[in-house]
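Asks: Can you keep this structure in mind? I'll have questions shortly.
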Amino acid sequence: MFMERFRFGVALTAACAVLVLSGCGGSGSPTEDRAIAPAAAPEAASGQSSDSKAAQDSASTAQRQPAAKSAENIASNVKVTQEDRQVIYTASMTVRAKEVTGAALQAKQIVTAAGGYLSKEESNSAEGSEASAMLEFKIPPARYGEVVNALGKNLGKQLSLQQGTQDVTLQVADVNSRLKSAQQALDSLRTLLKKADTIGQVLQVEREISGREADLESLQAQQKELATQVGMATLSLRLVGPVAVVEEPSEEPAGFLGGLKSGWAALVGFVQVALTVVGVLLPWLIVAVPLTVLTVFLVRRRRPARPAPAPAETQAS
């Protein structure tokens, strides 16, 4: 009984060690096939003639040739494939259109024809010349460049375009490797659960399985999110009317000039707010101040005059 518990504890410890190592990525590295030529036969005694040596050399050469051909065949069967890069494409574009509603409809048609779809839409129902809309599209990476060019040329005047890429090839490979290792380790734990004999052993293995299943679900969520971001490029399209105001990001100078500009802007803002408050209170002050002065004057006039204090009697020394 003691030996069975000891063996079970060793197996559980090994499974836990595999689970811990799975967090650092899948183990194992590709191995290279090597063809080892057979060793030559040892030379005979010193009395062996030169003819026997030549025959021995020819036999050794004949043995090496099949081994070399075998190595060439193995090398020719190995296919070296370049790993597909996993890249996330993002872009943000602003276009001034003559008619925002029509431009938004045309943008949807361009993206749909390329195999993409609209994921988010926000519109400002103002006048036609001041209307604006924000559209977020998901586009297949293979048609991403084509769609960006079409939207910039066909909808109106392109005001700005910002594009970004993020290579997540290593991150995707790491998540896939960790997910595979975690799945294998969970399979080992489930197999170990079937061999548990006592309630304590069952509970211990079930706790390990529960915790590792949560880690597995987290890895699966990461894998799904990365696949979604890589599988579809994201394009944020902002459409504005002919007279709509577009705030362009300005590059502020750094250092003393940047601080001086920021301080001046803060001072101007404070003065504007102060003048606004004074403008709001001034009409009230024009009415309230005379009434307050008149009220104070009438109250003081109606008060009875206070008697003068009697002079203090001098005491004789």
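Asks: Based on the mean of other Cβ atoms within 10 Å per residue, sort peptides 180-193, 257-270 so the most packed one is first.
Replies: 180-193, 257-270
Asks: Continuing with this model, one more query. Given the pairs LYS98/LYS120; LYS153/LYS224; LYS120/LYS180, which are separated by over 24 angstrom at their Cα positions?
Replies: LYS153/LYS224; LYS120/LYS180
Asks: Turning to a different aspect of this structure: How high is the FRET efficiency from GLU206 to ASN176, r the C-beta distance, R0 25 Å, rounded to 0.05?
Replies: My answer for the efficiency is 0.35.
Asks: Also, I was wondering about something else. Once R0 is set to 45 Å, what does the formula 1/(1 + (r/R0)^6) return for the Cβ-Cβ distance between PHE256 and VAL296, expressed as a FRET efficiency to the nearest 0.05?
Replies: 0.30
Asks: Can you divide the C-alpha Rg of the stretch 158-276 by 2.2 N^0.38 Å and report the result to two decimal places?
Replies: Cα Rg divided by the expected 2.2 N^0.38 Å: 2.09.
Asks: Classify the stretch 126-175: rounded, prolate or oblate, from the alpha-carbon gyration tensor (a ≥ b ≥ c, eigenvalue square roots; a/c under 1.5 rounded; otherwise prolate if a/b is larger than b/c)?
Replies: Because a/c hits 1.5 or more and a/b exceeds b/c, the stretch 126-175 counts as prolate.
Asks: Let me ask something additional. At 7 Å along Cα-to-Cβ for each site, give me the label-to-label distance between ASN149 and ALA288 in nm.
Replies: Going from the ASN149 label point to the ALA288 one covers 6.7 nm.
Asks: Would you mind computing, in nm to one decimal, how far apart the modelled labels at GLU130 and THR276 are, each placed 7 Å from Cα along Cα→Cβ?
Replies: Result for the modelled spin labels: 1.7 nm.
Asks: At 0.36 nm per residue, minus the direct Cα-Cα distance, what do LYS120 and LYS195 gain on full extension? Give it in nm, one decimal, please.
Replies: 21.8 nm
Asks: Still on this structure, please answer the following. With each pseudo-label sitting 7 Å past Cα toward Cβ, what's the LYS98-LEU161 distance in nm, one decimal?
Replies: 2.2
Rule-based calculations on the coordinates, nothing more; no lab input. Please read all numbers here as calculations on a predicted model, not as lab measurements. Glycine gets a Cβ as well: all are built from the backbone with ideal geometry, and neighbour counts include every protein chain shown.
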